[in-house]
Amino acid sequence: MTRGSTLPAHRLPQLPDLPGRVAIPALPEQSRTSRSPKSLDAFNTAPADDIRHTLLNCLHSHRWTRRLTDHRPYPDLDALLAASDEASYDLTPGDLAEALAGESLPVLPDDTYEAAHMALDAAHAAYEARFGHVFVICVDGVAPDEVLDHVLAGIRSRLTNDPEEERVVVAEELRRLARGRLLDALSFRGAGL
């Protein structure tokens, strides 16, 4: 059974200046470059506006984006990822809210049962009512057929958090998402890194 036409899609409204991002790291095909060290060189030497746009696709935080852009050049990928992590850890509650505004729920496979969509809709509604923002979770390393269970278990578990505990978890999930998207933007994911 496929998703019924009466159920809403698992996406928030798109921001006008930023393509929709899903909580499963993925970038448009035109954003991908070759899997060579030259992609880090290109990152280090590209115009700042181009890099800011690329970075906003990784995490919609202007503060995070500015920090990574302003600290170029990076000697290697590890230095860039360390800078990304450090900038993520320094996000203020306002920065987190900005980043969350650019997120949406994971997209479920087309052949997912309608009941699963309804369960996810209900769980997300409860989460959003409690915390006031979209649920984010990094599913890197989760098998495709386990994503739905992982997301539902995550929402259920995190609904028991108090707002401060959840802010810490959300910040960590956003850090993990940004790291994965950055690897994708530089075409390093899957290249043994």
One finds, for residue 107 and residue 143 with R0 = 22 angstrom and r their Cβ-Cβ distance, a FRET efficiency to the nearest 0.05 of 0.90
Ignoring ligands, DNA and RNA, what percent of the 1.4 Å accessible area of segment 94-167 is carbon and sulfur? 56
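The values are calculated or read from the model by the stated rules, or taken from the named source; none is laboratory data. What you see is a predicted model; the values in this text were computed from it and never measured. Cβ sites come from the backbone with ideal geometry, for glycine too, and all protein chains shown count toward neighbours. Accessible surface is based on the protein model in full, side chains and every heavy atom, while ligands, DNA and RNA are left aside. Shrake-Rupley method; radii C 1.70, N 1.55, O 1.52, S 1.80 Å.
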